[in-house]
Amino acid sequence: MRKAAVALLVLVTAAGCSLATEQKPSGEGQKVTLVTHDSFNVRKELLEEFQKSSGITVEVRKSGDAGALTNQLVLTKANPIGDVAFGVDSTFASRALNENVFQAYQSPDANKRYQVDDTNRLTAVDIGDVCVNVHTSGLKGVPEPKTFDDLANPQYKDMLVVESPATSSPGLAFLLGTVMRFGENGWKDYWTRLKANGVKVVSGWEEAYNQEFSGTGKGARPLVVSYASSPAATPDTKALLDTCYRQIEYAGVIQGAKNADGAKKVLDFMLSQKFQAEVPEQMYVYPVREGVALPEAWQKSAPLPGDPEATLPAQDVDRNRESWVNQWRSLVQG
Amino acid sequence: MALVPLAFLTLFFAWPVVAIIGLGVRVQLFDTLTSADTWSLVGFTLGQAAASTVVAIVAGMPLAFLLARCRLPGRGLIQAIVLVPFVLPTVVVGLAFRGLMPGGGVWSIVLANAFFNVAVVARTVSGLWASIDRRAEDAARALGATRLRAFTSVTLPALTPAIGSAAAVVFLFCSTSFGVVLILGGAEYRTLETEIYLRTVQLFDLPGAAALSILQLAAVVTALVIGAVARKRRQAALKLSGSKETARRPVGGEWVVVGVAYGVIALLLTPIVHLISQSSLAGFRALSSTGHDNSLEVTGFRAALNSMGTATDATVIALILGVLSSVALTRLGKTAEFVDVAMMLPLGVSAVTVGFGYLITLDALPGDLRTSPLLVPLAQAIVVTPLIIRILLPVLRSIDERLRQAAGTLGASPWRVWLEVDVPLAARSLVTAAAFGYVVALGEFGATSFLARPDAPTLPIAIGRLISRPGELNNQMAYAACTLLVVVTVAVAVLIERFRTTVEEF
């Protein structure tokens, strides 16, 4: 028995050694490194298909959220860790542009409607709206709320759970949504009303959606700040389309990329019909390309919110974010 | 001998950290340092860490007694259970505590931190306790001391170095705990660690982050120096012996302590059982897949294998570094304390700081380590090494120098002395240290999440990812993966326990 245990231990150690089993990617064709955030997802077969048709092997490197990604790109500006980046969103775009992290490239497939930069250093790839989600049967007979104002109505007392804008990206989007709706001077007033109406603040989406929200079966609150796309994965819920804030995710060819030509092809690939059609189910966001049909379940339960203007100018966000979050903090948590 | 670990530390810790802090050092530093907000952050950080440390020690001591001194059935399993909290991802434990204590608040932070760290106390203290010759205690008893008196005046002083060691580690872990504070603090309670993350990642306020990192370092160094001074006064040679003679069936009042220990185990099991109860058959089946809508790039089982492989590498590296440092520390004179404190520092510095530090420094090394899969076990080893030192050092220092001198006088070379005196006496602790290190590496999240590549996630990373995407299957799969992590941990611990008994028979 003991001998067996020792043998097993040795075996586990040997088999487990990750250094010994490391594999080198096959050296054929060229390689492009895509730097992105944790939420990036793409079907393996699609990448393989792209590899066959273009000869480019895409190596994906993920780290953290959109903020961590942008910061990483800025810090490694002098010696970039990749060729093309995906996932800098509207909140962080102006930071990336000011720091000159990306080089100009106009993809033939770029959707001009979502252009953020005159010199085309960033190209929109997908749209992700943050909206209040409602668990329809969790309302227990109360009619569904529609607008921001409704949420402060005593009818919905103790029903809403939101994420802190200090620690969560949907939380920040929701705060920005209220700034957009009520203006620089009115948003604090609105949050005072929300607070009086028993809004609950938690630190992250996981907790808000999986633990506090009644739509996922565990929590007690039927209203939660989540994404326009969430209802596609959670039955009996829907997004309140008048409470949305639009976040656009961009891709760009990194300044000083070792393989800039390859990077451009990868960017084109991300705008291609095939990639765009899979964006909803892979990343829970909406395609930017016109004429790409949403999956059937989405068309029913998670259509794209209509208002394309539901977003603040990137420079405003960049300039005021810290002070808004600080004001929010002392208002809601002070 | 201390040079190898120190060089490693410099390359993979000091250099990156200094570089990233250096980027942010501006005049503005003083504004941050003098603001009242900053000092309330420091106060809360240290306060919650101190409270968590006290709770962990109070809960860990009966366990240490049980593990070191009692020969009871199921001891191996208990040893394994105690390790489990350490591998569980903080996200999931945070959510479990949230479920068990819906009110949240400071107490849930303290308890969750203590939950993670009881193992440190139990393991570190029982390592020394099991090696202490029981006869001194028996002599005190024979001379008429009560059991309690014998404990407080004979055993406790002998254990102080290990308790001090454990307290230092727990304090560091708690003052840099991130996930727990984030989730249970409800975005209301903040620590230096969460604020550094916020400033670095969300606000790009590198000067602010640098100022806070410097404060964090200063606080950690102060705590370590106080710990080192306290330990030094207590350090004395003990008569160590093999474990066989020190463990026996508990008698009389000892049963009370055993009862308390079982109570602590029950408390430890509560969140674990809560987690396991959230997993489902569907979740387990899903482990062989990549989750709802391919949330993962590899299957759950593949992630588990990655975890084990990386943890093995990290443990091997950390054992080499840890043993070298510990041996050097017992031989060094005045510089020993300095080296000791230096090796502990990585536990007290934010993973974000180190992670971003890597980005701006490691490209200067050949082969651009920034993007290498090698970096994950290296970074884990940095975290594991101090733990190994903390377990080995009290034992090595307790070895009576006269034993070594005697061996030397009899003609043994220094190497031979080490092999014949130190190794047999420390072997048990070495295995303990290895098991503990392996488990810590298995559960490491902070640094790993920064460095792991998407095609090779570890299990904790996979869990974090599953739980952050919608879809009920992902949720169930995440909890099933937690259960898998628990099972792997228990299996490794039991296996190593068997291995350890084998070692002792040599």
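Observations
- Extension reserve of the B:ILE214-B:LEU100 stretch, reckoned as 0.36 nm per residue once the Cα distance is removed: 37.5 nm
- When the helices of the protein assembly as shown are scored as -39500 (n - 2.57) per DSSP H run of n ≥ 4 and the total is divided over every residue, the value at 222 nm lands at -19000 deg cm²/dmol.
- What the Cβ-Cβ distance of A:GLN106 and B:ALA14 gives, at R0 = 51 Å and to the nearest 0.05, is a FRET efficiency of 0.70.
- The residues B:ASP133, A:ASP189, sorted by heavy-atom accessible surface at 1.4 Å with ligands and nucleic acids left out, run A:ASP189, B:ASP133 from largest to smallest.
- Placing unit charges on the Cβ atoms only, positive for Lys and Arg and negative for Asp and Glu, gives the protein assembly as shown a dipole magnitude near 3340 debye about its Cα centre.
- Residue among A:SER168, A:THR123, A:PHE102 farthest towards the positive dipole end of chain A, charges placed on Cβ: A:SER168
- Residues whose amide H lies under 5 Å from that of A:LEU160, counting only those 5 or more places away or on a different chain, are A:LYS200; hydrogens are built 1.01 Å from N in the peptide plane.
- Available extension along the chain between B:SER413 and B:VAL221 is 65.4 nm, counting 0.36 nm per residue and deducting the alpha carbon span.
- Under 5 Å from the amide H of B:ARG248 lie the amide H atoms of B:CYS70, B:ARG71, each residue being 5 or more positions distant or on a separate chain, with H modelled from the backbone and absent for Pro and chain starts.
- Think of chain B as a dipole: +1 on every Lys or Arg Cβ, -1 on every Asp or Glu Cβ, centred on the Cα centre; then among B:VAL327, B:ILE196, B:ALA412, B:ALA412 lies furthest on the positive end.
- Under the criterion of Cα pairs below 8 Å and six or more residues apart, the relative contact order for the stretch B:3-505 equals 26 percent.
- Antiparallel DSSP beta bridges within chain A, as percent of all bridges there, nearest 5: 60 percent
- Dipole magnitude for the stretch B:3-505: computed about the Cα centre from +1 point charges on Lys and Arg Cβ and -1 point charges on Asp and Glu Cβ, it is near 1560 debye.
- Helix B:375-398 axis, angle to chain B major axis (alpha carbon atoms, nearest 10°): 20 degrees
- Heavy atoms of chains B and A lose about 5400 Å² of accessible surface on contact, summed over both sides with a 1.4 Å probe.
- Zone of A:SER272's modelled label, taken as backbone nitrogen in the stretch A:31-54 under 15 Å from a point 7 Å along Cα→Cβ: A:32, A:42-54
- Three-way shape call for the protein assembly as shown based on the alpha-carbon gyration tensor, with the a/c threshold at 1.5: prolate
- Listed peptides B:351-358, A:137-144 by packing density, highest first (mean Cβ within 10 Å): B:351-358, A:137-144
- In Å², nearest 10: area of A:GLU59 left accessible to a 1.4 Å probe: 40 Å²
- Sorting A:TYR227, B:TYR262 by accessible area puts them as B:TYR262, A:TYR227; the probe is 1.4 Å, largest comes first, and only protein heavy atoms count.
- Taken residue by residue and averaged, Cβ atoms of other chains lying within 10 Å of the Cβ of B:401-411 number 0.
- In degrees, nearest ten, helix A:273-283 long axis to first principal axis of chain A (Cα): 60 degrees
- Efficiency of FRET from Cβ geometry, B:ASP455 and A:GLU309, R₀ 41 Å, rounded to 0.05: 0.60
- Nonlocal amide H pairs with A:THR33, under 5 Å, H built at 1.01 Å: A:GLU59, A:ASP83, A:VAL84
- The stretch B:321-380 and the stretch B:428-480 have Cα centres spaced 21 Å apart.
- Antiparallel DSSP beta bridges within the protein assembly as shown, percent to nearest 5: 60 percent
- Using R0 = 60 Å, the C-beta based FRET efficiency linking B:VAL251 and A:ASP158 works out to 0.60.
- Shielding by partners for peptide B:457-468, expressed as the average number of C-beta atoms from other protein chains within 10 Å of each residue's C-beta, is 2.
- With Cα atoms, 0 to 90° folded angle of helix B:15-24 axis to chain B main axis: 40 degrees
- Legend: mean number of C-beta atoms from other chains within 10 angstrom of residue C-beta atoms, peptide A:37-43, equals 4.
The values are calculated or read from the model by the stated rules, or taken from the named source; none is laboratory data. Source: prediction; values computed, not measured. Cβ atoms come from the backbone with ideal geometry, glycine included; neighbour counts cover every protein chain shown. Surface accessibility is based on the protein's heavy atoms, side chains included, excluding ligands, DNA and RNA. Shrake-Rupley method; radii C 1.70, N 1.55, O 1.52, S 1.80 Å.
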